Amino acid sequence: MIIVNDEYVTLDTPDGPMRTHIVRPAAPGRYPGIIFYSEIFQITAPIRRTAAMLAGHGYIVAMPEIYHEFEEPGTVFAYDQAGSDRGNALKTTKKLISYDTDARAVLDHLAGRPDCTGKLGAMGICIGGHLAFRAGMNPDVLATACFYATDIHKGSLGEGMNDDSLERAKDIHGELLMIWGRQDPHISLEGRMKVLARLNELGTRLSWHEVNGAHAFMRDEGIRYDPELAYSLYGLVFDFFHRKLGEGDLSVSAPASTETRH
């Protein structure tokens with residue numbers, strides 16, 4: 001069993017410092033890196049538990065605070081109406097380019113770590129699925145897993161609610177794993193098929209899974225959680241990243257965890 005260590009790094013971005021949570025195996029060595037995007041509520045307990053599962057399978061997992069330019073470091077929104085309202089308001093207040101420059105800062109940090117093999121992936125849930133999709137547009141991202149990615153079909157991410165994610169899908173050269181809930185009210189059948197049609201048009205390397213689940217069925221808090229589905233789908237994710245990113249190199253010692261700024 002691999003035990004994971006926690007640390008934080010503060011990364012410089014054009015919009016100010018961004019606290020990024022790092023979870024990695026405690027065992028010395030070099031591991032692939034994954035940028036893992038949260039829901040609109042930022043780094044909640046369910047998100048941290050998911051990150052720990054990823055790290056426990058041999059990855060350095062970096063979780064950026066997606067609303068760092070608006071909120072104090074460490075801010076987490078509650079899974080209630082007020083938290084949802086705040087997260088959704090910031091989703092379309094933040095500039096689209098800022099999401100992209102944030103992603104690049106995290107990817108550069110991961111690639112530059114002495115405990116990283118340099119092989120990079122992306123994963124996200126809800127808005128995080130959309131942000132992972134956009135992170136996958138970076139040429140060094142080899143594998144991207146998106147869980148019920150919101151707003152791709154509507155093109156409504158960011159300030160002005162007029163994103164170019166479907167147009168820029170042509171820039172995704174790694175492989176995608178897309179997972180959707182068929183009973184998710186935020187992403188209709190028509191919306192899902194719009195995304196699939198675009199990816200098929202581009203010939204994207206793709207695995208596509210639709211299951212009987214509501215929005216947030218992966219989150220281990222709340223009435224929509226489906227443990228059976230979550231267990232089976234996490235297995236797909238672990239196999240996917242293992243195939244695309246490979247195992248770590250245990251021959252190199254990892255540095256001690258510290259609070260750093262880049």
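Observations, loosely collected:
- Filter pass, LEU166 being within 25 Å of GLY29 (Cβ to Cβ) and either free of Cβ contacts under 8 Å to residues at least 40 places away in the same chain or not in a strand (DSSP E or B) (or both): no
- For the stretch 22-42, a residue qualifies if it is open to solvent by 10 Å² or more (accessible area, probe 1.4 Å) and out of contact with any Gly (no Cβ under 8 Å at 6 or more places or on another chain), and the qualifying residues are ALA26, ALA27, PRO28.
- Per-region count, the stretch 169-204, residues under 28 Å from GLU228 (Cβ atoms), open to solvent by 50 Å² or more (accessible area, probe 1.4 Å) and either outside any loop (DSSP other than H, G, I, E, B) or not polar (S, T, N, Q) (or both): 6
- Flag for ASN162 being polar (S, T, N, Q) and within 23 Å of ALA45 (Cα to Cα): no
- Options GLY58, GLY124, GLY74: the member that is under 21 Å from PHE240 (Cα atoms), in contact (Cβ under 8 Å) with a residue 24 or more places away in the chain and more than 15 Å from the chain's Cα centre (by Cα): GLY58
- Considering ALA132, ALA149, the condition of being touching a helix residue (DSSP H, G or I) at 6+ places or on another chain (Cβ under 6 Å) and crowded, with 20+ Cβ neighbours inside 10 Å is satisfied by ALA149 alone.
- Checking each residue of the stretch 38-51 against the condition of being among the hydroxyl-bearing types (Ser, Thr, Tyr) and assigned to a strand (DSSP E or B) gives no match.
The values are calculated or read from the model by the stated rules, or taken from the named source; none is laboratory data. The shown structure was predicted, so the numbers you read here are calculated from the model rather than taken from an experiment. Cβ: placed from backbone, ideal geometry, glycine included. Neighbour counts: every protein chain shown. The area values use the complete protein model at the heavy-atom level, side chains included, leaving out ligands, DNA and RNA. Shrake-Rupley method; radii C 1.70, N 1.55, O 1.52, S 1.80 Å.
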